[in-house]
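A.B. asks: Can you keep this structure in mind? I'll have questions shortly.
Just so you know, all these numbers are worked out from the coordinates, no wet-lab data involved. Note that the structure is a prediction, hence the values are computed from the model and not measured. Cβ sites come from the backbone with ideal geometry, for glycine too, and all protein chains shown count toward neighbours.
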Amino acid sequence: MSAVAGEMTELLATRGAEKVFGSAVTAASCARDGQTFALGTVDGDIVLVPVAGLKHPETWTRVEAHDGAVLCLAPDTGKEGFLTGGEDNRLCRIGPDGTVTELHKGRRWVECVASTPGHIAFSAGKQLEIRDSSGETTLKTLEHPSTVTGIVFDTKGKRVAASHYNGVSVWFVQARVDTVRPLEWKGSHTAIAIHPGGEAIVTAMQENDLHGWRLSDGHNMRMSGYPRRVSSLSFTRNGRWLATSGADAIVLWPFFGGGPMGKPPTELARLPGVFCSAVCAHPKSDIIAAGFEDGSVLLAETGSERVLPICLGKRGRVSTLCFSPFGGMMVFGTEDGCVAAIDLSASD
Amino acid sequence: MSETKIPVTVLTGFLGAGKTTLLNHILSAGHGRKYAVLVNEFGELGVDGDLVVDADEEVFETNNGCICCTVRGDLIRILGSLLRRRNKFDGIIVETTGLADPAPVAQTFFVDDNLREKARLDAVVTVVDAFNVSRTLDESHEAVSQIAFADVIVLNKTDLLDEAALEAVEARLRGINASVKIHRACHGKIALENVLDRGGFDLARALETMPDFLENNEHTHEEGVTSMSFSVSEPLDEQRFQAWIGALLQERGADILRAKGILHFAGQKERFAFQAVHMMADGDYIGPARAEEGQESRIVFIGRDLNRPQLRRGFESCRA
């Protein structure tokens, strides 16, 4: 590199665009057809970024979806649109044109939502509700011992897992009689991820640790040593690595060769003293996107030391990152209310 | 203390003491401020402009090796989300159920880095029914804890007692918690500045004005919960103090409900406000002392089975 950082033209400026909306961004998602991104804010807005207008922020639209923060966001079951949950106790469907349809309104915040083409799962308080793809019909309501903090479907959409105090509950979506498989570990579990091959479930814990369970035999795995609480975790496409925030680098735990037990994690893209705040694994390549608390965003290759900076600092803590389904495009949002989108496939 | 941190007031009090009345009084007063209020069940609350969130009191034990460390995960989640909004609230009020032990609420603000960064525990305000308090204290372990944890007591329903009886009640409350500020009230009517956004103010003043003769008042019947205060007039050695208090809380933290102090460390111009809840301790520099206050350091312990000579020797050994 020849230029000084300050004089370098950021990749974001040549390959993408950004716009400051002012409200902290809480979540991001891409529709299944890859044509629209959505980002939610603490003030209840959904920002829709059409892929066709990726570099033209004047085509991005803001939709008022919730009264209070958008707490969770997922692609809709169909090709287009999104599902959002908020502090106004509502679950909504957002069309690609910005139409808002209320699917649920209860007495608790809708804190988590996840979907497959066939099902919607969302949580409000201790209850996890499974609906059909239309979102109109409740198939089952599953009770948990404390408030649900994270929901994931397995890759095939057959099982759904929810994190809460003292562990995780795994349920079969289609079961006639609901019996839970409890994965127990004392403490508060605050986020969840599932291995794409169904080999393990990992949670982030209140005490700057991760906890994992091997699903074949329920064996416990502990992954500790973080200086901060882990807020973001993402398995790579083939499940070889689990990328996380919580340190001043991307932390990667090996899920091969007997790992992660007894194996030290690998660190990528270390920015001394600047903490990684969000990670997202690329859906098709061995690449991790990482956002840092100063607003820097970069891509890092898992197999090498190679790092590609997207932008450097000055945008506030990166709170969320999301790739399109084929990984050609990416958006991110920050706590200072910056929304940015970049086309990674474009050639000049 | 950073002024950008949002003050959090914890409102406790036994069933029927008048918490909801006080809360309604706070919210409907024309103060022009905006509060977020966490309640355990929706009642008749609901004031335009304020945000009321229904929270379940969800307590968990942390895995940090501290046996008595239970915290409220629901507060971490809900406040964590509300604090992402900028310039939206002037303060946050957390109401607890009548039977709740205040320790987990207070400890939550020591455990979670995000809350520590963005909010500060301003005061634990306990509403007490002056008419029924004696019986409640005789019957309930939690009521004693709520008195012990309080920074401010709102002594409500004072119109039902005469002056002598009120003084007896106050004496009993001070027997448990010698450093608490007591405000008398009827129907929850109290000047809001006595309850909200107290900062380090109450602690500094309560410790300054706490008479030493209370140290002789060891006779209590509230399951052995009492207060002991100590003072030294010479500056303290900061490292020696941290080593002593750290070891003490580790060993005796289960019995020490609260510890608070205003300390002068040698070589520091500013006073240090120290506070602990069971085993968790924290502190902040709060500005220089006024000239007439001298270099005196004071500390108070509220807890069960406190050993006065041992605590005194320990505190005095921290002198620089």
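A.B. asks: Report, as a whole number in µm² per second, the diffusion coefficient that Stokes-Einstein gives for chain A at 25 °C and 0.890 mPa s using the Kirkwood radius over alpha carbon pairs.
C.D. replies: Details: Rh = 20.2 Å.
Approximately 122 µm²/s, per Stokes-Einstein.
A.B. asks: Now a separate question. Distance between the C-alpha centers of the range A:203-227 and the range A:49-114? Whole Å please.
C.D. replies: Using only Cα atoms, the two centres lie 31 Å from each other.
A.B. asks: Per-residue ellipticity at 222 nm for the protein assembly as shown, helices alone: DSSP H runs ≥ 4 residues times -39500 (n - 2.57), over residue total, nearest 500 deg cm²/dmol? The partial results should precede the final answer.
C.D. replies: Details: 11 runs with 103 residues, N = 668.
The helix contribution divided over the protein assembly as shown gives -4500 deg cm²/dmol.
A.B. asks: Here is a follow-up. Number of Lys pairs in chain A with C-alpha atoms less than 26 angstrom apart, excluding same-chain neighbours closer than eight positions?
C.D. replies: Within chain A, the lysine pair count is 22.
A.B. asks: On to the next question. P(r) of the protein assembly as shown in 10 Å steps, Cα pairs, percent per bin?
C.D. replies: 3, 15, 23, 23, 18, 12, 5, 1, 0
A.B. asks: Looking only at the protein assembly as shown, where both bridge partners belong to it, what percent of the DSSP beta bridges are antiparallel (to the nearest 5)? Before the final figure, lay out the partial values.
C.D. replies: On the way: 145 of 175 bridges.
Percentage antiparallel, nearest 5: 85.
A.B. asks: Rounded to the nearest 0.05, what FRET efficiency do B:Ser317 and B:Asp113 give with R0 = 41 Å and r taken as the Cβ-Cβ distance? Could you check?
C.D. replies: 0.80
A.B. asks: Another question, if that's okay. What distance in nm separates the two pseudo spin-label positions at B:Asp255 and B:Arg308, each 7 Å out from Cα along the beta-carbon direction?
C.D. replies: 1.5
A.B. asks: Per the Kirkwood treatment, what hydrodynamic radius in Å, one decimal, follows for the range B:220-316 from the mean inverse distance over all distinct Cα pairs?
C.D. replies: On the way: mean 1/r = 0.0729 Å⁻¹.
Averaging 1/r across every pair of different Cα atoms and inverting gives 13.7 Å.
A.B. asks: Stretched out fully, how many nm does the piece from A:Ala13 to A:His56 gain, at 0.36 nm a residue minus the Cα gap? Don't skip to the end; give the middle numbers.
C.D. replies: Numbers: separation 43, 0.36 × 43 = 15.48 nm, distance 1.16 nm.
Extra length available between A:Ala13 and A:His56 comes to 14.3 nm.
A.B. asks: Using the alpha-carbon centroid of each, what span in Å lies between the range B:74-129 and the range B:160-200?
C.D. replies: 22
A.B. asks: Moving on. With Cβ to Cβ distances under 12 Å as the rule, what net charge do the other residues near A:Leu344 carry (K, R +1; D, E -1)?
C.D. replies: Working: positive: A:Arg15, A:Lys284; negative: A:Asp343.
Around A:Leu344, the charge tally is +1.
A.B. asks: I would also like to ask the following. Gaussian network model of chain B, Cα springs within a sub-10 Å range: biggest mean-square fluctuation belongs to which of B:Asn114, B:Asn132, B:Asn307?
C.D. replies: Taking springs between Cα atoms under 10 Å, the residue moving most is B:Asn307.
A.B. asks: How charged is the neighbourhood of A:Ala281? Take every other residue with its Cβ under 14 Å from the Cβ of A:Ala281, and add Lys/Arg as +1 and Asp/Glu as -1. Don't skip to the end; give the middle numbers.
C.D. replies: Numbers: positive: A:Arg237, A:Arg240, A:Lys284; negative: A:Asp286, A:Glu301.
Taking every Cβ under 14 Å from that of A:Ala281, the sum is +1.
A.B. asks: In the Gaussian network model of chain B, springs joining C-alpha atoms below 10 Å, which of B:Ala100, B:Ala123, B:Ala165 carries the largest mean-square fluctuation?
C.D. replies: B:Ala165
A.B. asks: Applying 1/(1 + (r/R0)^6) with R0 = 30 Å to the Cβ-Cβ distance of A:Met261 and A:Glu207, what FRET efficiency is obtained, to the nearest 0.05? Working shown, then result.
C.D. replies: On the way: r = 19 Å, r/R0 = 0.63.
My answer for the efficiency is 0.95.
A.B. asks: Let me ask something else. Provide A:His219, A:His164 in ascending order of the number of other Cβ atoms located within 10 Å of each residue's Cβ, fewest first. Write out the running numbers ahead of the final one.
C.D. replies: On the way: A:His219 11, A:His164 25.
Ascending Cβ contact count within 10 Å gives the list A:His219, A:His164.
A.B. asks: Suppose every Lys and Arg Cβ carries +1 and every Asp and Glu Cβ carries -1, with no other charges. What dipole size does the protein assembly as shown come out with about its Cα centre, to the nearest 20 debye? Display every interim value, and only then the final one.
C.D. replies: Numbers: 68 positive and 88 negative charges, 314 e Å.
The calculation lands at about 1500 debye.
A.B. asks: Which whole number in µm²/s is D for the range A:112-168 by Stokes-Einstein, with the Kirkwood Rh taken over Cα pairs at 25 °C and 0.890 mPa s? Write out the running numbers ahead of the final one.
C.D. replies: Numbers: Rh = 11.2 Å.
Rounded, D is 218 µm²/s.
A.B. asks: Relative contact order of the range A:121-268, please, whole-number percent, based on alpha carbon pairs below 8 angstrom and at least 6 residues apart.
C.D. replies: On the way: 348 pairs, mean separation 17.5, N = 148.
It comes to 12 percent, rounded to a whole number.
A.B. asks: Sticking with this one: Gaussian network model of chain A, Cα springs within a sub-10 Å range: biggest mean-square fluctuation belongs to which of A:Gly246, A:Gly328, A:Gly150?
C.D. replies: Of A:Gly246, A:Gly328, A:Gly150, the Gaussian network model singles out A:Gly328 as fluctuating most.
A.B. asks: What are the equivalent ellipsoid semi-axes of the range A:249-347, built from the alpha-carbon gyration tensor (square roots of five times its eigenvalues), in whole angstrom, biggest first?
C.D. replies: On the way: eigenvalues 106, 57, 25 Å².
Calculated on Cα positions only, the semi-axes equal 23, 17, 11 Å.
A.B. asks: Rounded to the nearest 0.05, what FRET efficiency do B:Glu270 and A:Gln127 give with R0 = 56 Å and r taken as the Cβ-Cβ distance? Could you check? Working shown, then result.
C.D. replies: Working: r = 50 Å, r/R0 = 0.89.
It comes out at approximately 0.65.
A.B. asks: Taking the Cβ of B:Leu160 as the center, what net charge do the other residues with Cβ under 12 Å away carry, scoring Lys and Arg +1 and Asp and Glu -1? Kindly include the intermediate steps, with their values, before the conclusion.
C.D. replies: On the way: positive: B:Lys157, B:Arg184; negative: B:Asp129, B:Asp159, B:Asp162.
Surrounding charge for B:Leu160 is -1.
A.B. asks: Explain nothing, just the number: relative contact order of chain A, from Cα pairs under 8 Å at least 6 residues apart, as a whole percent.
C.D. replies: Working: 1026 pairs, mean separation 47.2, N = 348.
14 percent.
A.B. asks: While we're on this one: Per residue of A:155-167, what is the mean number of Cβ atoms on other protein chains within 10 angstrom of that residue's Cβ?
C.D. replies: Values: counts 0, 0, 0, 0, 0, 0, 0, 0, 0, 3, 5, 2, 0.
Mean shielding count: 1.
A.B. asks: Relative contact order for the range B:99-160 using alpha-carbon pairs under 8 Å, separation at least 6, rounded to a whole percent? Could the numbers behind the result be given before it?
C.D. replies: Numbers: 59 pairs, mean separation 26.5, N = 62.
That works out to 43 percent.
A.B. asks: Which whole-number value in Å³ per residue fits the convex hull of the alpha carbons of chain B? Please report the intermediate quantities before stating the final value.
C.D. replies: On the way: hull volume 43.3 nm³, N = 320.
Spread over its residues, the Cα hull of chain B gives 135 Å³ apiece.
A.B. asks: Report, in debye and to the nearest 20, how large the dipole of the range B:61-140 comes out about its Cα centre when Lys and Arg carry +1 and Asp and Glu carry -1 on their Cβ.
C.D. replies: Working: 10 positive and 12 negative charges, 119 e Å.
Dipole magnitude for the range B:61-140 comes out near 580 debye.
A.B. asks: Now, a different point. For the range B:114-120, just list the computed ³J(HN,Hα) in residue order, Karplus coefficients 6.51, -1.76 and 1.60, θ = phi - 60°, integers in Hz, with x standing in for Gly and Pro.
C.D. replies: Once θ is set to phi - 60°, the couplings for the range B:114-120 become 5, 5, 4, 6, 10, 9, 9 Hz.
A.B. asks: What list of ³J(HN,Hα) couplings, whole Hz, do you get for the range B:308-315 from phi and the Karplus terms 6.51, -1.76, 1.60, once you set θ to phi - 60° and write x for glycine and proline?
C.D. replies: Calculated HN-Hα couplings, in order: 4, x, 5, 5, 5, 4, x, 5 Hz.
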